[in-house]
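Remarks on the structure that follows.
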Amino acid sequence: MTNQFSTQRTAQLAQVRQELVALHQALVSNHLVVWTGGNVSARVRTDGEPDIFVIKPSGVSYENLDAASMVVCDLDGNVLAGTRSPSSDTAAHAYVYRNMDEVGGVTHTHSNYACAFAALGKAIPCVLTAQADEFGGEIPVGPFAIIGDDSIGQGIVSTLAGHRSPAVLMQNHGVFTIGASAKDSVKAAVMCEDVAKATHLALSLGEPKPIAQADIDALYKRYQNVYGK
Ligand SMILES: [Zn+2]
């Protein structure tokens with residue numbers, strides 16, 4: 001499928017496609033994905049044109065992912081450009097972009113430690129300062145939802161809208177993260193797995209000590225201001 005994009009948009013797309021190749025490699029190097037699982041997308045905003053997004057193709061192994069294989073979609077998930085089918089999670093990404101205008105990037109993984117919490121339907125409690133910094137509290141659980149319609153997207157948006165956490169553990173499934181950019185969403189996915197692993201280890205040793213809400217608030221505020229959103 002081909003599509004005529006404006007000169008500005010064509011230049012933006014070239015950059016975003018390349019960026020997505022690097023971000024997908026980051027999922028691999030951070031051990032967040034196996035085989036063809038996981039995906040990252042990025043919104044493209046162009047003055048005077050409707051927003052679109054770029055996402056990983058379906059069923060392509062990570063070593064074969066290149067800029068040309070990325071798929072361009074409108075915010076309803078329809079393919080505008082690309083030689084391959086978009087990720088099977090495209091509807092969920094599209095739903096998030098349609099309903100959360102501030103979101104510029106979405107990442108999805110089945111990373112092991114976070115999935116262990118998702119399998120239990122258990123939020124990751126905020127017992128480490130790194131989690132207070134990045135997530136501002138617990139990492140919440142979203143509803144059980146089956147792929148194929150808007151239910152995953154609805155679950156992500158209903159859980160994360162108005163929540164500090166950029167990550168949601170979809171029950172019995174895995175992690176979806178959002179960010180102002182695709183890179184921010186990948187960072188949240190990496191950090192989510194890191195705190196899930198450490199918290200799992202803590203829970204296996206005993207009962208983690210809670211952090212006072214006032215301290216969580218102060219840590220979050222400081223981190224968000226210093227490292228800026
Ligand atoms: Zn999944």
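Identify the residue in the stretch 165-220 that is among the polar types (S, T, N, Q), within 15 Å of the ligand (Cβ to nearest atom) and buried (at least 18 other Cβ atoms within 10 Å of the Cβ) and, among all such residues, is nearest to the chain's Cα centre (by Cα). Steps first, answer last, please.
Just the residues of the stretch 165-220 that are among the polar types (S, T, N, Q), to begin with: 165, 171-172, 177, 181, 185, 199, 204, 213.
Filter again for within 15 Å of the ligand (Cβ to nearest atom), leaving 171-172, 177, 185.
If we keep only those that are buried (at least 18 other Cβ atoms within 10 Å of the Cβ) as well, we get 171, 177, 185.
Working: Q171: 15, T177: 3, S185: 5 Å.
Only one residue tops the list, namely T177.
Every residue, every condition in (1) aliphatic (A, V, I, L, M); (2) exposed (fewer than 15 other Cβ atoms within 10 Å of the Cβ); (3) more than 20 Å from V190 (Cβ to Cβ), yes or no:
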{"position": "H24", "(1), (2), (3)": "no, no, no"}
{"position": "L27", "(1), (2), (3)": "yes, no, no"}
{"position": "I55", "(1), (2), (3)": "yes, no, no"}
{"position": "S58", "(1), (2), (3)": "no, no, yes"}
{"position": "M70", "(1), (2), (3)": "yes, no, yes"}
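Would the stretch 168-177 turn up any residue that is assigned to a loop (DSSP other than H, G, I, E, B) and either among the aliphatic types (A, V, I, L, M) or touching a strand residue (DSSP E or B) at 6+ places or on another chain (Cβ under 9 Å) (or both)? Yes: one or more hits.
If a residue has to be touching a residue at least 60 places away in the same chain (Cβ under 8 Å), part of a helix (DSSP H, G or I) and more than 14 Å from the ligand (Cβ to nearest atom) to count, how many in the stretch 151-164 make the cut? First the steps, then the outcome.
Taking the stretch 151-164 first, the residues touching a residue at least 60 places away in the same chain (Cβ under 8 Å) are 152-153, 156-157, 160-161.
After this cut, where a residue has to be part of a helix (DSSP H, G or I) as well, the list is 152-153, 156-157, 160.
Checking the rest, the ones that are also more than 14 Å from the ligand (Cβ to nearest atom) come to 157, 160.
Summing the residues that are touching a residue at least 60 places away in the same chain (Cβ under 8 Å), part of a helix (DSSP H, G or I) and more than 14 Å from the ligand (Cβ to nearest atom) in the stretch 151-164 gives 2.
The selection criterion, being in contact with a Ser or Thr (Cβ under 6 Å, 6 or more places away or on another chain), of a type in the set (A, V, I, L, M, F, W, C), under 29 Å from E19 (Cβ atoms) and at pLDDT 95 or above, holds for A145. Would you point out the residue of the stretch 116-130, among those that are more than 16 Å from the chain's Cα centre (by Cα) and part of a helix (DSSP H, G or I), that is farthest from the ligand (Cβ to nearest atom)? Among residues in the stretch 116-130 that are more than 16 Å from the chain's Cα centre (by Cα) and part of a helix (DSSP H, G or I), the one farthest from the ligand (Cβ to nearest atom) is T129.
Here's a check for you: in the stretch 132-150, which residue that is within 14 Å of V175 (Cβ to Cβ) and either assigned to a helix (DSSP H, G or I) or of a type in the set (K, R) (or both) is farthest from the ligand (Cβ to nearest atom)? Going through the qualifying residues, I end up with E134. Taking the residues in the stretch 99-115 that are in contact (Cβ under 8 Å) with a residue 40 or more places away in the chain, more than 21 Å from A22 (Cβ to Cβ) and more than 15 Å from the ligand (Cβ to nearest atom) as candidates, determine which candidate is surrounded by the fewest Cβ atoms within 10 Å (Cβ to Cβ). In this case the residue turns out to be E102.
The values are calculated or read from the model by the stated rules, or taken from the named source; none is laboratory data. If you're wondering where the values come from, they're calculated on a predicted model, not measured in any experiment. Here Cβ is always computed from backbone atoms with ideal geometry, including for glycine, and neighbour counts include all displayed protein chains.
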